Amino acid sequence: MAAYPELQGKVAIITGAGRRGGLGAAIAMRLAAEGAHAVVADLGAAAGPHLPASAIGASSEMQAVVAEINAAGGSALALPCNMLDGAAVEQLVDSTVARLGCVDILVNNAGIGYLMKPIVDMSLEEWDTVLGVNLRGVFAATQAVAKRFAAQAAAGRHGGRIINIASQAAKSGFPHAASYCASKHGLVGLTRVAAIELAPLGVTVNAVCPNHVTTGLGAWQNEYFAKLLGKSVEQYLADMRARIPLGRPGLPGDTAAAVAFLCSEQAQYITGESMNVSGGEEMH
Ligand SMILES: NC(=O)c1ccc[n+]([C@@H]2O[C@H](COP(=O)([O-])OP(=O)(O)OC[C@H]3O[C@@H](n4cnc5c(N)ncnc54)[C@H](O)[C@@H]3O)[C@@H](O)[C@H]2O)c1
């Protein structure tokens, strides 16, 4: 049963939603279960050495996410988009409006967290790729959707929602994650500015900051940090559970539930927030 009936018929773009087991796929499924039309946006194919097939949502996976939503009685379509390409991001918004008539919700979920290195070893090109997807890509999508929200408001369709999937790494530092942490901390700032600028349109802008979730990316990070700390993955995860007050890492559904709430009318007076979804691990 839908928790938020007001989301029925809303048009939601979710970036990075084409990887099975990922946060974006869970968000798309949850918003579709609430009755929204889900635009499953993702890369669709490898794009050079920093965006390899092993780490991205392939076209077949995007179609599988869409098929699962439609089989469950929801409404979804797949649109490939590389968030590093500003023109492609504008096209994503234009194609959504051409296919579905408008856009109501943007969930900036696409991100990369696997280019981890000590500061002294990280190349500027690697830095640019992480910042390019995780921050510049979010800015490009925010800009494109903000223009659309303004046009829709002028035509009498006031309002909208933007949700940025930041991270615990938006609030705390982690070793070998300078670019990732900088990009996610940057998202908090972008969220605040966008919240102020878009408020006159009735648009709210918030970030969600999950702690660890064992998605495809999360599994890679478990291996990486376990090795870095000289532990087995099992021990690394046991230590993680022990330091999280609620006793477990996050699940994709935890983040999806927070996103659905922030999209709902219940959250109409919440904007500019960066909300932890971390079982109490992150409290500021
Ligand atoms: N898993 C975690 O522990 C965790 C914790 C906090 C925040 N996050 C954030 O949640 C988001 C989703 O991560 P996830 O864990 O589901 O990982 P994931 O790898 O399953 O999903 C990331 C998605 O982003 C897409 N993407 C990457 N580069 C892209 C580009 N240039 N254009 C379009 N799409 C691109 C990938 O194809 C992939 O589908 C990310 O922003 C990540 O930083 C994850």
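Values in this text are rule-based calculations from the coordinates and carry no lab data. Please read all numbers here as calculations on a predicted model, not as lab measurements. Here the Cβ positions follow ideal geometry from the backbone for every residue, glycine too, while neighbour counts run over all protein chains shown.
Peptide packing: for 176-183, 241-248, the average count of neighbouring Cβ atoms within 10 Å per residue gives the ranking 176-183, 241-248, highest mean first. When the charge dipole of the chain is built from unit charges on Cβ atoms (+1 for Lys and Arg, -1 for Asp and Glu) and taken about the Cα centre, the candidate among CYS81, LEU7, CYS102 whose Cα reaches farthest toward its positive end is LEU7. Over all projection directions, the Cα-based convex hull of the chain averages an area of 14.2 nm².
Using 0.36 nm per residue and subtracting the Cα-Cα separation, the extra length available between ALA150 and VAL193 on full extension is 13.9 nm. Length gained on full extension, PHE174 to ALA3: 58.0 nm, using 0.36 nm per residue less the C-alpha separation.
Over the residues of the chain, the helix contribution to mean residue ellipticity at 222 nm works out to -14000 deg cm²/dmol, using -39500 (n - 2.57) for each DSSP H run of at least 4. Using unit Cβ charges (K, R positive; D, E negative) and no other charged atoms, how large, in debye to the nearest 20, is the dipole of the chain about its Cα centre? About 220 debye. Sorting 45-51, 198-204, 271-277 by their mean Cβ neighbour count within 10 Å, with the most densely packed peptide first, gives 271-277, 198-204, 45-51. Taking Cα atoms only, the orientation of helix 23-33 departs from the longest principal axis of the chain by about 30 degrees. Counted over the stretch 203-249 with a bin width of 10 Å, the fraction of Cα pairs per bin, in whole percents, is 25, 48, 18, 8, 2. At q = 0.09, 0.10, 0.17, 0.18 Å⁻¹ the log10 of I(q)/I(0) for the stretch 135-284 amounts to -0.33, -0.40, -0.97, -1.06, computed by Debye summation with a single uniform scatterer per C-alpha, solvent ignored. Taking the longest Cα principal axis of the chain as reference, the axis of helix 233-243 is set at about 70 degrees. From the Kirkwood radius over Cα pairs of the stretch 5-113, Stokes-Einstein at 37 °C and 0.692 mPa s returns a whole-number translational diffusion coefficient of 243 µm²/s.
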